[in-house]
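Here is the structure we will look at, set down as structure tokens.
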2 protein chains.
Amino acid sequence: MSLWKPVETYRAIIFILDGIGDRPLPELNNKTPLQVAYKPNMDYIASHGMTGIMDPIEPGVRPGTDTGHLAIFGYEPYLYYPGRGPLEAVGAGARLNPGDVAIRCNLATAIEKNRKLIIIDRRAGRIKGEDAKLIIKTLNENIKEVEGVKVEFYPATAHRVALVLRGKGLSPKISNSDPGTAMENNPIKEVRPLDSSLEAAKTARIVNKIIVETYRLLKDHPVNKRRESEGKLPANVILTRGAGMIPLALKSFSERFNVRGYVIAEEDTIIGLARILGMETEVPDGATGDLETDTMSIARRVVEVYNNYNVDILFVQIKGPDIAGHDANYEGKIKIIEKIDKMIEYILNNTNQEKTVYVLTADHSTPCNVRDHTGDPVPIAFMGPQCRVDDIKSYDELNCAKGIIGRIRGVNLIPIVLNQMNRRLKFGE
Amino acid sequence: MSLWKPVETYRAIIFILDGIGDRPLPELNNKTPLQVAYKPNMDYIASHGMTGIMDPIEPGVRPGTDTGHLAIFGYEPYLYYPGRGPLEAVGAGARLNPGDVAIRCNLATAIEKNRKLIIIDRRAGRIKGEDAKLIIKTLNENIKEVEGVKVEFYPATAHRVALVLRGKGLSPKISNSDPGTAMENNPIKEVRPLDSSLEAAKTARIVNKIIVETYRLLKDHPVNKRRESEGKLPANVILTRGAGMIPLALKSFSERFNVRGYVIAEEDTIIGLARILGMETEVPDGATGDLETDTMSIARRVVEVYNNYNVDILFVQIKGPDIAGHDANYEGKIKIIEKIDKMIEYILNNTNQEKTVYVLTADHSTPCNVRDHTGDPVPIAFMGPQCRVDDIKSYDELNCAKGIIGRIRGVNLIPIVLNQMNRRLKFGE
């Protein structure tokens, strides 16, 4: 008997349940929120698919939201993590290319003393809105190029600014000029190269020039004159930190995996990261990123995108479990898990299960008794038309650890999904 | 109580069950062929040993037969995969050394038009036999060296030829001159370097010279004159593709692992690969590489080699399960599994189980509902005099996933076998 018929390819929906993993909580009789919550739809996926556990980075390593997601998106974080500067810059609207250096900046208040700039407020009296925009406009109009390198400033939230340098021969290996929170009333630090490369020396020199120039341009700026007359602190210099570069070898998600990825997320960091990887993104209506988020509104949008757009892999990130973990709010964590379960029910009922691979995963654990990300592995489950099925019936930390997937790393996730979608290219013949 | 007595070393037989892994098949009530087949001897090995699952390359990656076997032989495929050219050349009888470049070629038919060579048949009317041999003899007699690089042509099946370049400073990073199937009646492509190295530029230049020279030598060749008078297409040029190099860092199997390996296989690709690694090889009598293969003849030969030759690790590759998978023939896959099981029974009964480690593994899964290799992990089982023994009783995809080996990569297999043979060298003191 032969099974000759066209081999089908499938699409995938990957649920990223931010921070969902936990540790045994005495308040829950030494169970985790996942073990206690009523979540029949997550359990349905586990029961009809294959399960395992995943170290987003590698065993014992505590992921950030950014590095955890980078791995889930299929990129080795040790090779491809661009650092915070580029993530903030993209979040502020910059479009970055491999080789560009981006730096997080504050608008700050300095006074001149013995020919040094002393920082008296790291946030320029928490300047925001129109004042900040006018200041940044002045910077963009007057600092366009230094040593042949293009310079751009992007306003971010309140006193924050992203500085982008574009050109050849740049390096992110430079120190911060920001003297740090504990160091107010100290001078701005000189930016120094952190390795012996010509690129780092050049980049540090350029950033130092830019800092001096911002003070020259801003110290008598009309906005600052007005602020001072109103008793507010002037924004007369920038502080820099967290320089990062988009890796030169970075390929877009579609180039790397030959499929179209789409990211629905509640958080700007993830949106920025996904954009760096060339994916389409959106924050859906009703998504607040906390426990009050409208999961049913998100569910409807997921179904709409999946059924109407030509998307191969749709990522859906929900932030609530992480927030609850940070707040040590185990009851809230149980409740948001139950809300997410209803979201998943709606999506299962309104997408074609015969053509779709569904994945439950997380970027890290955020145990309520640690109140921060930990390196504990997260449970994973894959259900699809051709997936092997194990005998695990519950999506939680302990049961999934006995599933047939065993223990994988975050970067293994997308290759496994592509394999189950029958979309993976062969290595060799 | 003390266990003092001389520590014994053991030998190993590794059964490579090509393509044996599968997915749940609706036609088999969502079981895999391995779950349905009667295979008491494979289960005997699983029951008396330790089990696990293996990603031949890494999770989710779809292996070729070549890359999958390279990993099972203990070589990281990302570092050591030589590409198709060398595998074909060795299959055609060439002996290759690190640094040699080998290229797959077709004898083809070209016509001259506007000083260009236009391909009118990529296979020279499927030339074969004596005609092909005489043509290739002419090439070998007249093209022995170009720019100090030794040139050799090896006849392969029908219109196929392997071109081998030996010398210093060569690179496999060159493009194909073959315009490809869809491009007949197009000119031969110029071979170009694929990176900016001097080696690639030199190799491309040499191959272009060889191609032009083959046309000069063959256009009025007596064999071609005769073929044309008979209404057949002449073989008057070569087309090149799939250049590859034996990696410079490649050590032979015996150098790498300090044991003698011997490969009994049904397939030329594997024989070629094993020869590149310096192992002795044979295709045993009765081995047809399909479902009709004489597994009992192979069994007798395995026992003969194992009991009479001084072999440390004997690999036995059986191709049938892969063929059945490619043909979507699940009943055939069950039958060949049952035939292989009887082969294993004979080998277990006629080798010294007190001195031997027996291993069941595969180079990849070939699910009947995908009809091609997939990245699903394969079940593995090790039985030996000192192996730990888990509670898994069946050699199949689901049960072995719960074994004490857990989930390993293909390159981990030989080190684990050597360790169980008590033949592994220590790293550190």
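Nothing in this text is a laboratory measurement; each read-out follows from the coordinates by a stated rule. What you see is a predicted model, and the numbers here were worked out from it, not measured in a lab. As a convention, Cβ positions derive from the backbone with ideal geometry for all residues, glycine included, and neighbour counts pool all protein chains shown.
Each listed q (0.07, 0.10, 0.11, 0.13 Å⁻¹) maps to a log10 I(q)/I(0) for chain A, found by the Debye formula over equal Cα scatterers with no solvent: -0.40, -0.76, -0.88, -1.09. Placing a label point 7 Å from Cα along the Cα-to-Cβ direction at residue B:187 gives distances to the equivalent points in the other copies of 6.8 nm, listed shortest first. Evaluated with a Cβ-only charge set (Lys, Arg +1; Asp, Glu -1), segment B:86-245 carries a dipole of roughly 80 debye about its Cα centre, given to the nearest 20.
List the chymotrypsin sites (Phe, Trp or Tyr not before Pro) within segment B:353-423 that DSSP assigns to loop and that have no more than 15 neighbouring Cβ atoms inside 10 Å.
Numbers: sites: B:358, B:382, B:395; in loops: B:395.
The qualifying sites: there are none.
Per residue, chain B reaches -9500 deg cm²/dmol at 222 nm when only DSSP H runs of four or more residues are counted, each adding -39500 (n - 2.57).
Computed with the Debye formula from one identical point scatterer per Cα of segment A:86-245, without solvent, the log10 of I(q)/I(0) at q = 0.10, 0.12, 0.13, 0.16 Å⁻¹ comes to -0.32, -0.46, -0.54, -0.83.
So what is Rg over Rh here for segment A:1-128, counting just Cα atoms and using Kirkwood for Rh? Walk me through the intermediate numbers first.
On the way: Rg = 23.7 Å, Rh = 20.3 Å.
With Rh from the inverse mean 1/r over Cα pairs, Rg/Rh is 1.17.
Distance from the C-alpha centroid of segment B:50-92 to that of segment B:235-307: 13 Å, rounded to the whole angstrom. The equivalent ellipsoid that matches the C-alpha gyration tensor of segment A:301-429 spans semi-axes of 27, 20, 14 angstrom, in descending order. Can you give me the distance in nm between label points at residue B:128 and residue A:79, each placed 7 Å from the Cα along the Cα-to-Cβ direction? The modelled label-to-label distance comes out at 4.3 nm. Projecting the Cα atoms of B:129, B:61, B:51 onto the charge dipole of segment B:45-158 (Cβ charges, centred on the Cα centre) puts B:129 farthest toward the positive pole. Among the lysines of segment B:294-384, pairs that are 8 or more positions apart or on different chains and have alpha carbons within less than 20 Å of each other number 5. Take the alpha-carbon centre of segment B:379-429, take the same for segment B:175-230, and report the distance between them in whole Å. Going from one Cα centre to the other spans 49 Å.
Only counting other Cβ atoms within 10 Å, I'd like A:425, B:3, B:96, B:87 sorted with the fewest neighbours first. Spell out each step's value before the answer.
Details: A:425 9, B:3 5, B:96 24, B:87 31.
Lowest count first: B:3, A:425, B:96, B:87.
Residue of chain A with the Cβ closest to the rotation axis carrying A onto B, and that distance rounded to whole Å: A:406, 3. The angle between the Cα long axis of helix A:198-218 and the longest principal axis of the Cα atoms of chain A comes to about 60 degrees, rounded to the nearest 10. Distances between equivalent label points of residue B:6 across the copies, with each point positioned 7 Å along Cα→Cβ, amount to 6.7 nm, shortest listed first.
Compute the FRET efficiency between residue A:327 and residue B:386 as 1/(1 + (r/R0)^6), taking r as their Cβ-Cβ distance and R0 = 56 Å, and round to the nearest 0.05.
Values: r = 52 Å, r/R0 = 0.94.
According to the calculation, E is roughly 0.60.
Estimated from the Cβ-Cβ distance and a Förster radius of 60 angstrom, the FRET efficiency linking residue A:398 and residue B:308 is about 0.70.
For the protein assembly as shown, which semi-axes, largest first and in whole Å, follow from the square roots of 5 times the eigenvalues of its Cα gyration tensor?
Over the Cα atoms of the protein assembly as shown, the semi-axes work out to 55, 39, 25 Å.
What separates the residue A:111 label point from its copies, with the point 7 Å along Cα to Cβ, is 9.2 nm, written shortest first. In chain A, the longest principal axis of the Cα atoms and the axis of helix A:295-308 are about 80 degrees apart. Quick one: Debye curve from the alpha-carbon atoms of segment B:320-386 only, equal weights, vacuum; give me log10 I(q)/I(0) at q = 0.17, 0.24 Å⁻¹ to two decimals. With no solvent term, the Cα-only Debye profile gives -0.70, -1.02.
For residue A:248 and residue A:190, a Förster radius of 41 Å and the Cβ-Cβ distance give a FRET efficiency of 0.90, rounded to the nearest 0.05. Listed from fewest to most Cβ neighbours within 10 Å, the set B:290, A:268 follows the order B:290, A:268.
In terms of distances greater than 21 angstrom between alpha carbons, the cross-link table entries A:116/A:168; A:128/A:232; B:113/B:144; A:133/A:173 yield A:116/A:168; B:113/B:144; A:133/A:173.
Quote the charge dipole size of chain A about the Cα centre in Debye, to the nearest 20; the model charges only the Cβ of Lys and Arg (+1) and of Asp and Glu (-1).
Numbers: 57 positive and 55 negative charges, 302 e Å.
Once rounded to the nearest 20, the dipole reads 1460 debye.
Evaluate the charge dipole of the protein assembly as shown about its Cα centre and quote only its size in Debye, nearest 20, assuming +1 on the Cβ of each Lys and Arg and -1 on the Cβ of each Asp and Glu. Present the calculation step by step, with values, prior to reporting the outcome.
On the way: 114 positive and 110 negative charges, 602 e Å.
Around 2900 debye, computed over the protein assembly as shown.
To the nearest ten degrees, helix B:129-142 and the longest principal axis of the Cα atoms of chain B are 70 degrees apart. Seen from residue A:78, the other residues with C-beta closer than 15 Å to its C-beta sum to a net charge of -2, counting Lys and Arg as +1 and Asp and Glu as -1. Percent of alpha carbon pairs in segment A:206-276 separated by more than 18 Å? So the portion of pairs separated by more than 18 Å is 64 percent.
Tally Lys and Arg at +1 and Asp and Glu at -1 over the other residues with C-beta under 13 Å from the C-beta of residue A:393: what net charge comes out? Here the count lands on -2. Loop-located GluC sites (Glu not before Pro) in segment A:82-187 (DSSP state not H, G, I, E or B) with no more than 16 neighbouring Cβ atoms inside 10 Å: A:147, A:184.
Lys and Arg at +1, Asp and Glu at -1: add these up for the other residues within a Cβ distance under 9 Å of residue B:262 and post the number. Before the final figure, lay out each step's value.
Numbers: positive: B:260; negative: B:280, B:282, B:312.
The answer is -2.
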